[in-house]
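Have a look at the structure below before the remarks.
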Amino acid sequence: MKTSQYLICLGITTAAGTALGILSDRRHPAKGSLLGATAGMVAGSVAAGVYEYISSEKVPYYSKESSLYDDIDAV
């Protein structure tokens, strides 16, 4: 994953987390926005890591060598 794609993923999830944090804690919007931004950043990092792990074909289910891609005649 390119650095720009990773930063875009983090930016979107952090912005969404901040907005939800502000809406959820209306009495203390600064506290809610910080907690939401932190949660969004963690969620974005996890999502980017999972995407990178799957797209690098380290998971055998998605690899081209998997038996799921065999032709029916060859089986």
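Read-outs: derived from the displayed coordinates by stated rules, not from any lab. As the structure is a computational prediction, the values presented were derived from the model and not from experiment. Positions of Cβ are generated from backbone atoms using ideal geometry, with glycine treated the same way; all protein chains shown enter the neighbour counts.
Can you give the FRET efficiency for K31 and S56, using 1/(1 + (r/R0)^6), R0 = 35 Å, r = Cβ-Cβ distance, to the nearest 0.05?
Working: r = 38 Å, r/R0 = 1.08.
FRET efficiency, K31 to S56: 0.40.
Take the eigenvalues of the Cα gyration tensor for segment 3-55, scale each by 5, and report the square roots as semi-axes in whole Å, largest first.
Numbers: eigenvalues 125, 16, 8 Å².
Sorted largest first and rounded, they come to 25, 9, 6 Å.
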